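Enquirer: What follows is a single structure, and I will ask about it in a moment.
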Amino acid sequence: MRIGFGYDVHAFTPGRPLWLGGIAVPHTQGLLGHSDADVAIHALCDALLGAAALRDIGYHFPDTKGNEYEGIDSKILLRRTMEMLRNKGYELGNCDLTICAQAPKLKDHIEAMRLCLAETMGVDVRRVSVKATTTEHLGFVGREEGIAAQAVVLIEEQA
């Protein structure tokens, strides 16, 4: 068994949809990024890649490769990450994501995120945990300048 940790941050920007955990979340702003800026999936990909010692999301899906990943749906990146893990002989034991956002409130979207992430990774939804918290108005998250996400995963080597 191996453990991986991932962390990502994106700033808010007007005129973009807000993607979190693979679903569109209604909000007045979206997140700034080269891809769809799904901060939760990016943290999850980094945790998965780190657990398998496969570097990080920026190494595999760089924003310097022209338009290849520009605006890409982060679920595609997560599927490709799972393919890399499975090609190395690993399977997801479980994952636990925490999304830090002062706004919007996410409690009504958690189950849809869990279902979407589980389907995208090809695992049972019971292996996927998503939580949301605020920072009690402290820091860039508390000032509603952006969203941060943390993920921890357990992967298991398949016999």
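Enquirer: Collect the residues in the stretch 113-159 that are among the small types (G, A, S) and either outside any helix (DSSP H, G or I) or closer than 16 Å to F12 by Cα (or both), keeping them in residue-number order.
Expert: G122, S129, A132, G139, G142, G146, A148, A149, A151, A159
Enquirer: Against the condition over 14 Å from L48 (Cβ atoms), touching a strand residue (DSSP E or B) at 6+ places or on another chain (Cβ under 8 Å) and among the hydrophobic types (A, V, I, L, M, F, W, C), how does M113 come out, does it pass?
Expert: Values: over 14 Å from L48 (Cβ atoms): yes; touching a strand residue (DSSP E or B) at 6+ places or on another chain (Cβ under 8 Å): yes; among the hydrophobic types (A, V, I, L, M, F, W, C): yes.
So M113 fits the description; yes.
Enquirer: Any residue at all in the stretch 66-78 that is part of a helix (DSSP H, G or I), open to solvent by 40 Å² or more (accessible area, probe 1.4 Å) and touching a residue at least 24 places away in the same chain (Cβ under 8 Å)?
Expert: Kept after step one, since they are part of a helix (DSSP H, G or I), are these residues of the stretch 66-78: 74-78.
Pick out the ones that are also open to solvent by 40 Å² or more (accessible area, probe 1.4 Å) and you get 76.
Those left that are additionally touching a residue at least 24 places away in the same chain (Cβ under 8 Å): none.
The answer is no; no qualifying residue exists.
Enquirer: Here's a check for you: in the stretch 1-40, which residue that is closer than 15 Å to D96 by Cβ and part of a loop (DSSP other than H, G, I, E, B) is most open to solvent (accessible area, probe 1.4 Å)?
Expert: M1
Enquirer: Among the residues of the stretch 42-63, which ones are over 14 Å from the mean Cα position of the chain (by Cα), in contact (Cβ under 8 Å) with a residue 24 or more places away in the chain and in a helix (DSSP H, G or I)?
Expert: Matches in the stretch 42-63: A51, H60.
Enquirer: A follow-up question, please. Please go through the stretch 21-50 and give me each residue that is farther than 25 Å from E111 by Cβ and touching a Lys or Arg at 6+ places or on another chain (Cβ under 7 Å), ordered by number.
Expert: The answer is L49, and nothing else.
Enquirer: Let me ask another. Applying the selection to the stretch 91-130, what residues are over 22 Å from G30 (Cβ atoms) and surrounded by 21 or more Cβ atoms within 10 Å (Cβ to Cβ)?
Expert: L92, C95, M121, V128
The values are calculated or read from the model by the stated rules, or taken from the named source; none is laboratory data. Please read all numbers here as calculations on a predicted model, not as lab measurements. No Cβ is skipped: glycine too gets one built from the backbone with ideal geometry, and neighbour counts run over all protein chains shown. These area figures cover heavy atoms from the full protein model, side chains too; ligands, DNA and RNA do not enter into them. Shrake-Rupley method; radii C 1.70, N 1.55, O 1.52, S 1.80 Å.
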